[in-house]
Each structure stands twice: as C-alpha cells, then as structure tokens.
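Chemist: Below you'll find the structure I mean.
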Amino acid sequence: MATGCSGNQESGTGELLSLLPYPQQVKLQKGTFHPGDGPVCFKASGTDANTDPVIFAQLDTASRDVYGKPLETCDGGSPVIWIGITGTDPDFAAVCKAEQIQPPEKIGEEAYVLKITSERVLIAASTNVGLFYGVQTLRQLWRAYPEKPGIPCMEITDWPAIPMRVVMDDISRGPIPRNEYIKEQIRRYSELKINHMSFYIEHVVKTQKHPGFAPDGAITIKEFREISDYAADYHITVIGGFQSLGHFAEILKVPAFRHLGATDRMLDPLNPEAIAFLLDVYGEMAPAFTSTLFIAHCDEAWDLSRVELTGEAAKLGVARIYADHIKRIDTILLELGKRTLIWGDIIMDYPEILDQLPDHILTGAWNYDARDSFAEFIDPLKDAGFDFTISPGVLNSNRLFPDYHMTFTNIRNFIKLHLQ
C-alpha cells in the first residue's frame, strides 16, 4: 500500500511546499526562519539519544549539511530547535501552550505539529514515532530552503490517512539486493513515512535446513533479522513472506526439490512432503521478522485449473484444494505467532473459497491496471467480512521503466476507493 495523505494549505501566496507526502494541514505565515551566524542550539524534551538515536543523528547531519555547523545541546536558554513529547516537560508544555500547538489525540500516535517562527522551530508529538515523522518533514524543508532567508514560517499539523503503509519490493526477479542497499531503502522509506516494508520472496532466501534451492547471493535468515532490527530504529516493521503455492519454478527446477511440485511451476498442495517443506522454511523465516503478519502469497496458482485433476484431487475440486492448502499453512503460521496474509486473485475466480477459510485470514486485493474503479477486487472480500489490504503497484515487467501514467492512476484510484 502507498501513503495516502492528502493535505490542504492555507496561504495567501498559493505556494506549495516541497514535501512528500504532503501534510494534512499547512498554514503558511509571514516571515522566515534561519539560525543566522550563531550556534544551532537544540533541545529535546521527553526523548534522548538513547531512546531515539536516529532522530538526533539526522538532525545533526542536516544542520551540518545546510548550515555548516553541528547541533549544540541547549539545556537552558532559548533553543532554536526544540522537539518534545507532550506532557513530559513543563517548560516545553508552556511553550507549546503559548504557541497554541498540541497534537490532537484523536488523530493517533503518529501525529505531530511542526511550528516554524522567525525565532525557532518547534516539533510536538505524543509519541516518539510522531516526533520522528515531524523531524522527517523538517529535514525535507531544510533541503528545500537551504539558503537565507531560510524556511518560510508555518504551522503543520499532520497525521496519516492510512494506518498501515507498506512497500513490498520484488527481489526474486532481478539482482538480489545487498544489506547496505536495503538499509538505504529503509532510510528513504522512513522519510516518506512508510511504516512497513516487505519483500516478495520465491527462492532468494538461504535457510539452514534447505540451503540447496537458494542462488548465489541469497539473503540469509541472519541477514533478514539484521534488516528487521535496523528498520525498527526507523519505525518500520518488516513483514516476512514466502511464496507458498504458485511461482515455484525456481525451486522446483533444482533436482532435489522437483518431487514437491504438482507441475513445473506450482507446489503440490496435496503432497505432505511439500507441506513439511513449508513448515521448515516458515520455522526459520517467521522469527526473523518483526511483524505479526506473514505473507504466504499463494497468488496466480493458475495450474490448479489448467491441469486436469484426477483421483482424489478431482473429487475435491479447485476451490477445496486451495482452501485446504491455506488452512494447512495458516495452522503452521499460527503456531509461529503469525497471522496469514494471502492474495485474493484465486478467490476472485472461486469466491466459494471464502466460505471455507477462517475469518482471521487477511486477504489482499491487488491489481496493477489503470482502472477507474477497483470495486470488483475489494467488494467480495469486504462483503464476506474479511479484513483486507489494498495493494496497488508499480508494474515493471518486461520493460526498462514502469509506465508511470498507469501507476499513478492505479495507486490513486485504488486508495481512493479504500478510503471511502
């Protein structure tokens, strides 16, 4: 899912700020802020370098980059940059009251208020994550207005329109990223106020029990754990996942794993050895990720209907085979403390599957086309009472660059319907 904040601006100039995502409320005011030739005096209330070290490192780096000088801690006096958690410091509370800023509790723990006057910058939030997002907005403003006279005076009140904002990166169909690149992604996502990330994984994970299917450069379980821990410092939760039915060609073409397939591209959902294989992989992968969700995918399992079912499979039928497979892997994931997420495309073709699934299964509505409406992908899940995600995307199959006209329409209209 993508961020869906759509802000409004009260300004006599009509100037739009260089901010992404755009804040919910912006009030531009007269004047500008610049620290001048003196020190960049900084104070924090209710948080410190131990509880949120990233904030402090980012502010110091930004000050050096923009003003050519580091932050200087200011325990007293009048700091030019003052950030704080509301309710932790009487002095900060008094300043916030005088400036009439207070993050409304009704808009959640990720909210913040950023007020820039000609004398100072204030960021107030009720939690560390809200404070972190306020700092990301300030960093973007610093980059947009590095020279004198400085940043325009303004008051921003911001909160997310969508609670769960996820980027999933398909790392199974191209170069496998190294940890340093993934950490760069995490830093970029966090500045855009993305709070979850995941990876589409078919075969590019190296497990201890089944290392033979992994290609050179595959990411180890230890590395995924390191990625999850690093992301947590940036207030990002990493969701684990492993393709669990279709798209299995890369694993099945390895001779030692061919017996697990029903076809050359699909796992055999009726083979106990295939389920035992998933149990082994889940058992190693699930604990490495911080999210309570685990994406089992199970999308595009077209071979269920393309091949002629015989024997017991023919008696069961496609819908029953699919539903029973989901229930088996869900049982495994529940024991590992994870909630199962599957994509809803097979369900669109066989809606009776929904009648056979436990209602705690999370389903994902997805499509990458530029459509005016995506109701046909959402309504069946909603009407059946299932929790669901919406998953627009940037499609880049068989081309050098994505078709961004398609992408923008897809994301905008998918999110718009979800927010209604």
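Chemist: Check segment 298-318 and report whether any residue there is closer than 26 Å to I236 by Cβ, under 27 Å from the mean Cα position of the chain (by Cα) and not hydrophobic (A, V, I, L, M, F, W, C).
Modeler: yes
Chemist: Does segment 23-43 contain at least one residue that is surrounded by 12 or more Cβ atoms within 10 Å (Cβ to Cβ), part of a loop (DSSP other than H, G, I, E, B) and under 28 Å from the mean Cα position of the chain (by Cα)?
Modeler: Looking for residues that are surrounded by 12 or more Cβ atoms within 10 Å (Cβ to Cβ), part of a loop (DSSP other than H, G, I, E, B) and under 28 Å from the mean Cα position of the chain (by Cα), one finds at least one in segment 23-43, hence yes.
Chemist: Let me ask another. Check T3, T51, T13 and return the single one that is surrounded by 16 or more Cβ atoms within 10 Å (Cβ to Cβ) and at pLDDT below 90.
Modeler: T3
Chemist: When segment 347-383 is examined, which residues are found to be among the aliphatic types (A, V, I, L, M) and closer than 24 Å to V394 by Cα?
Modeler: Scanning segment 347-383 gives I347, M348, L362, A365, A370, A375, I378, L381.
Chemist: Let me ask you something else. So which of K30, K69 is modelled with pLDDT of 90 or more, charged (D, E, K, R) and either closer than 25 Å to T157 by Cβ or outside the structural domain of I107 (by TED's automatic domain parsing) (or both)?
Modeler: Going through K30, K69 in turn, the sole match is K30.
Residue-wise test of (1) at pLDDT below 90; (2) buried (at least 23 other Cβ atoms within 10 Å of the Cβ); (3) on the phi > 0 side of the Ramachandran plot; (4) out of contact with any helix residue (DSSP H, G or I) (no Cβ under 9 Å at 6 or more places or on another chain).
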{"site": "K106", "(1), (2), (3), (4)": "yes, no, no, yes"}
{"site": "A111", "(1), (2), (3), (4)": "no, yes, no, no"}
{"site": "L114", "(1), (2), (3), (4)": "no, yes, no, no"}
{"site": "T127", "(1), (2), (3), (4)": "no, no, no, yes"}
{"site": "G130", "(1), (2), (3), (4)": "no, yes, no, yes"}
{"site": "Q140", "(1), (2), (3), (4)": "no, no, no, no"}
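Chemist: Before we move on, is S244 under 25 Å from T389 (Cβ atoms), of a type in the set (S, T, Y) and touching a strand residue (DSSP E or B) at 6+ places or on another chain (Cβ under 6 Å)?
Modeler: yes
Chemist: Then there is this: Across segment 222-239, which residue is nearest to V205 (Cα to Cα) among those that are crowded, with 18+ Cβ neighbours inside 10 Å and over 11 Å from the mean Cα position of the chain (by Cα)?
Modeler: F224
Chemist: Could I ask something else about it? Here are some residues: D369, D379, D330, D324. Which one is acidic (D, E), closer than 24 Å to L279 by Cα and under 24 Å from the mean Cα position of the chain (by Cα)? Can you show your working first?
Modeler: Numbers: D369 fails: closer than 24 Å to L279 by Cα; D379 fails: closer than 24 Å to L279 by Cα; D324 fails: under 24 Å from the mean Cα position of the chain (by Cα).
Unique residue meeting the criteria: D330.
Chemist: In addition: Being under 16 Å from the mean Cα position of the chain (by Cα), exposed (fewer than 14 other Cβ atoms within 10 Å of the Cβ) and farther than 24 Å from L17 by Cβ is true for just one of E180, E184. Which residue is that?
Modeler: Only one candidate qualifies: E184.
Chemist: I've got another one for you. Regarding I227, is this residue assigned to a strand (DSSP E or B) and either of a type in the set (K, R) or at pLDDT 95 or above (or both)?
Modeler: Details: assigned to a strand (DSSP E or B): no; either of a type in the set (K, R) or at pLDDT 95 or above (or both): yes.
Criteria not met by I227.
The values are calculated or read from the model by the stated rules, or taken from the named source; none is laboratory data. Everything numeric here is computed off the predicted structure, so don't read it as measured data. All Cβ positions, even for glycine, are placed from backbone atoms using ideal geometry, and neighbour counts span all protein chains on display.
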